[in-house]
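*Asks:* To start, I am sharing the structure in question, which I have written as structure tokens.
Please treat every number below as a calculation from the coordinates, not as lab data. What you are looking at is a predicted structure, and each value in this text was computed from that prediction instead of being measured. Please note: Cβ atoms are built from the backbone with ideal geometry, for glycine as well, and neighbour counts cover all protein chains shown.
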């Protein structure tokens, strides 16, 4: 029995079918007498360079243990799977057991985007309030203008009357 | 004092750490510049190469 870490990058267009893939892959591992100790679904990530014209990838990380001979069988099975754009099996001495930095980062990113959305909403509300204020000011300004125009016309009338 | 926070175990997943050991163009910075121990430099180098394969960090800045 050896301990392995499996990293799989899925086609981002098939992100919605991740659950199906997870089931299939776990079944494949179990059929080959692997124990799955931990599964991490990192989610879609920007790739540092494009692979097969994909700029994003859906990352999955598995902590598994099993036989090295069986591993090559698993590898042969997933080699020609179109949904996988890259995979890597690394043998490790010990599994860390903690959440990987990638998973933490992706979670933080999700939280950030949510909070940013909230901030955006707040900002929009503020803008709305401000626009209300400005519209009120505009109204006042226009009223003032009208008044001045009226005054001007009155003055004109007066001058016309004077002429008469 | 070293300017790097060296963890007990290196992992290709800790991208922010690995990015300190590559140049802007993506090259691995040599040990004579980083000044970390030879053993740690080997581990870092290995992690960087794995992270590159998994498209977590670039091989170069010339990628299209």
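*Asks:* Return one number: the angle in degrees, 0 to 90 and rounded to the nearest 10, between the long axis of the Cα atoms of helix B:38-53 and the longest principal axis of the Cα atoms of chain B.
*Replies:* Tilt relative to chain B: about 20 degrees.
*Asks:* Going by how many other beta carbons lie within 10 Å of each one, how would you line up B:64, A:70, B:5, A:56, fewest first?
*Replies:* B:64, B:5, A:70, A:56
*Asks:* Springs between alpha-carbon pairs under 10 angstrom, Gaussian network model over chain B: which of B:11, B:37, B:47 fluctuates most?
*Replies:* Taking springs between Cα atoms under 10 Å, the residue moving most is B:37.
*Asks:* Another question, then. Which shape class applies to segment A:2-94: rounded if a/c is under 1.5, otherwise prolate when a/b exceeds b/c and oblate if not, where a ≥ b ≥ c are the square roots of the Cα gyration tensor eigenvalues?
*Replies:* Because a/c hits 1.5 or more and a/b exceeds b/c, segment A:2-94 counts as prolate.
*Asks:* Apply 1/(1 + (r/R0)^6) to the Cβ-Cβ distance of residue B:61 and residue B:33, taking R0 = 22 Å, and write down the FRET efficiency to the nearest 0.05.
*Replies:* Rounded to the nearest 0.05, the efficiency is 0.75.
*Asks:* Spin-label point model (7 Å from Cα, Cβ direction): what's the residue A:112 to residue B:42 distance in nm?
*Replies:* Using points 7 Å along Cα→Cβ, the separation is 3.6 nm.
*Asks:* For an R0 of 25 angstrom, estimate the FRET efficiency from the Cβ-Cβ distance between residue A:72 and residue A:96 and round to the nearest 0.05.
*Replies:* 0.50
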